[in-house]
Amino acid sequence: MSNSEQDSSGFDLERRRAEHTHVLVVGPYLSERVQARLPGDGAGSALRSPDARLDEAAGLTRAIDLDVKGAVYAPLTQIRPATYLGKGKVEEIAETVKAEECDLVMMDCALSPVQQRNLEKAFGAKVIDRTGLILEIFGRRARTREGSLQVELAHLAYQKSRLVRSWTHLERQRGGFGFLGGPGETQIETDRRLIQERITRIERDLEGVKKTRGLHRRSRQDVPYPVVALVGYTNAGKSTLFNKMTRADVLAQDMLFATLDPTLRGLRLPHGAKVMLSDTVGFISDLPTMLVSAFRATLEEVIEADVILHVRDISHADTEAQSADVSAILHDLGIEAAEQRRIIEVWNKADLLAPAERERVVNAAQRLGPQARQQLVVSSVTGEGVDSLLLAIEEQLAEGRRRYRLRLEASDGEGLAWVYENTEVLARGSDHKGRQRLLVRVPPDRTERFERRFPSAMREDHDALAQQA
């Protein structure tokens with residue numbers, strides 16, 4: 001059996017087990033009044049309703065095929081150190097868990113090890129928090145070696161933080177022989193040490209993978225092709241748009257985190273220039289900090305991209321909150337406000353809007369157009385607006401590129417081929433003698449070679465896109 005067949009059978013087994021695991025989703029959210037007084041909460045949290053947050057939590061749970069039996073909103077005025085929730089709410093949820101025969105409770109928050117253990121005792125069921133769930137999803141989705149290592153690294157860091165009286169066997173002691181440690185070493189110390197050793201090995205392996213990625217990136221820069229990176233909230237339609245633009249077949253499904261590993265494809269722009277289009281992992285609110293750190297290398301394509309396409313699900317009720325979360329993560333990656341001009345907002349899923357709402361969105365995008373960041377309304381399903389998006393990418397990349405007019409003899413096929421290979425041909429015509437008249441745009445790194453090869457070419461200092469050569 002091949003590795004891919006083994007992976008497939010393993011995922012099928014996981015899916016069958018998950019389908020028979022009954023889950024209760026709990027949303028323990030601080031009230032808006034309390035939340036407003038707390039600094040540092042998720043960038044989009046203040047813009048989201050509790051119902052929307054609970055729907056997203058249920059969607060995350062279903063992303064690994066778990067059977068969601070219900071979702072409970074648990075409003076909080078304060079966080080309890082022992083159980084996160086108040087005593088009355090704990091008892092109420094425990095009754096629901098018993099009535100629905102749930103095997104698992106997903107708490108849409110970050111729990112301490114003590115809180116997790118106490119809730120498991122109270123509910124009589126396993127408890128997983130938002131961090132643990134996202135790690136499980138990432139573990140299911142990772143396909144490349146780098147993605148798998150990044151997930152395992154984050155998972156081990158999470159497990160290491162859980163080794164605080166979490167299990168009954170942790171109070172036992174091991175003997176003083178063998179590789180498991182010296183005399184008197186407790187099980188918790190052994191587990192923590194073994195996890196740290198594994199973390200060290202993974203970090204060493206990742207350094208090798210990063211060097212390989214760096215070599216690949218440098219080889220692309222040597223070509224060089226500009227990089228255009230797709231970013232956005234999970235399930236915003238990035239992979240569907242990627243497929244529409246490149247005619248590729250990247251996994252694109254209506255589920256959270258359908259894409260985890262970055263994908264690169266070549267793409268021809270309308271006037272012939274080639275770029276590399278990168279599809280990246282979707283962002284999400286309250287992303288565990290260990291995952292932000294672990295996947296920083298995966299997001300290097302975004303950091304170094306010449307153009308960033310921020311794909312938004314404009315049909316989603318929380319599109320503004322999702323946009324705020326993505327902007328916050330881009331800021332964390334070092335993409336500051338001064339660099340906003342390289343970002344194009346792609347308002348996706350226009351096909352899901354009612355006619356009146358769609359007209360309102362299109363008008364809003366046009367009103368915002370003259371500002372620093374462009375907004376384009378598209379549908380990655382129907383293809384609406386994709387041609388305009390390609391032109392916008394081309395124009396963004398064209399800033400600082402020189403335009404020239406040149407004339408080639410009809411017999412100069414070699415020169416014409418060179419022009420098409422190394423420049424963007426914006427317009428082409430011919431005179432009565434068959435000579436080719438061209439308007440071209442030249443990348444900065446090829447300007448000197450172009451001028452040496454075609455010394456009679458005339459520089460254009462104004463926008464001649466609409467003119468004919």
- Message: Quick check on region 430-445: of everything there that is of a type in the set (D, E, K, R) and either touching a Lys or Arg at 6+ places or on another chain (Cβ under 6 Å) or surrounded by 14 or more Cβ atoms within 10 Å (Cβ to Cβ) (or both), which residue is modelled with the highest pLDDT?
- Response: ARG437
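Identify all residues within region 103-129 that are closer than 15 Å to ALA63 by Cβ and in contact with a helix residue (DSSP H, G or I) (Cβ under 7 Å, 6 or more places away or on another chain); write none if there are none. Give the derivation first.
Quick first cut of region 103-129, residues closer than 15 Å to ALA63 by Cβ only: 104, 106, 108, 128.
Answer for region 103-129, where residues must be closer than 15 Å to ALA63 by Cβ and in contact with a helix residue (DSSP H, G or I) (Cβ under 7 Å, 6 or more places away or on another chain): MET106, ASP108.
Any chance region 91-107 includes a residue that's of a type in the set (Lys, Arg) and within 22 Å of PRO288 (Cα to Cα)?
Kept after step one, since they are of a type in the set (Lys, Arg), are these residues of region 91-107: 98.
Next, from what is left, pick out any that are within 22 Å of PRO288 (Cα to Cα): none.
Scanning region 91-107 turns up no residue that is of a type in the set (Lys, Arg) and within 22 Å of PRO288 (Cα to Cα).
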- Item | When residues of region 330-341 are limited to those that are within 21 Å of THR319 (Cα to Cα), modelled with pLDDT of 75 or more and not hydrophobic (A, V, I, L, M, F, W, C), the one surrounded by the fewest Cβ atoms within 10 Å (Cβ to Cβ) | HIS331
- Message: I'm checking my understanding of the structure. Among residues of region 387-422 that are touching a residue at least 40 places away in the same chain (Cβ under 8 Å) and hydroxyl-bearing (Ser, Thr, Tyr), which one is surrounded by the most Cβ atoms within 10 Å (Cβ to Cβ)?
- Response: TYR404
- Kindly indicate which of ALA427, ALA417 is small (Gly, Ala, Ser), modelled with pLDDT of 90 or more and within 44 Å of the chain's Cα centre (by Cα). ALA417
- Query: Do any helices (runs of 4 or more DSSP H) entirely within region 368-463 hold 3 or more residues that are in contact with a Leu (Cβ under 8 Å, 6 or more places away or on another chain), and if so, which?
  - Reply: 386-398, 413-422
- Query: Assuming THR200 fulfils every condition listed in (1) within 24 Å of ILE284 (Cα to Cα); (2) at pLDDT 85 or above; (3) in the same structural domain as LYS211 (by TED's automatic domain parsing) apart from one, which condition is it?
  - Reply: (1)
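Only residues that are within 14 Å of LEU24 (Cα to Cα) and crowded, with 17+ Cβ neighbours inside 10 Å: list them for region 73-88, please.
Listed by number, the list holds a single entry, ALA74.
Would you check if ARG192 is assigned to a helix (DSSP H, G or I) and either in contact with a His (Cβ under 7 Å, 6 or more places away or on another chain) or modelled with pLDDT of 85 or more (or both)? Give the derivation first.
Numbers: assigned to a helix (DSSP H, G or I): yes; either in contact with a His (Cβ under 7 Å, 6 or more places away or on another chain) or modelled with pLDDT of 85 or more (or both): no.
So ARG192 fails the test.
Quick one: which of ASP55, ASP41 is within 26 Å of the chain's Cα centre (by Cα) and either modelled with pLDDT under 90 or surrounded by 18 or more Cβ atoms within 10 Å (Cβ to Cβ) (or both)?
Values: ASP55 fails: either modelled with pLDDT under 90 or surrounded by 18 or more Cβ atoms within 10 Å (Cβ to Cβ) (or both).
Residue meeting the stated conditions: ASP41.
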- Query: GLN150: assigned by TED's automatic domain parsing to the domain that holds ARG162 and modelled with pLDDT under 95, yes or no?
  - Reply: yes
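With respect to SER379, determine if the residue is modelled with pLDDT under 90 and either in contact with a Pro (Cβ under 6 Å, 6 or more places away or on another chain) or among the polar types (S, T, N, Q) (or both).
Judged against the criteria, SER379 is not a match.
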- Message: I'm trying to understand the selection: among the residues of region 70-101, which are on the phi > 0 side of the Ramachandran plot and touching a His at 6+ places or on another chain (Cβ under 7 Å)?
- Response: GLU101
- Among the numbered criteria (1) out of contact with any helix residue (DSSP H, G or I) (no Cβ under 6 Å at 6 or more places or on another chain); (2) surrounded by 19 or more Cβ atoms within 10 Å (Cβ to Cβ); (3) more than 27 Å from LEU206 (Cα to Cα); (4) modelled with pLDDT of 85 or more, which single criterion is violated by ALA273? (4)
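The values are calculated or read from the model by the stated rules, or taken from the named source; none is laboratory data. All values reported here derive from a predicted model rather than from experimental measurement. Using ideal geometry, Cβ is built from the backbone for each residue, glycine included, and neighbour counts are taken over all protein chains shown.
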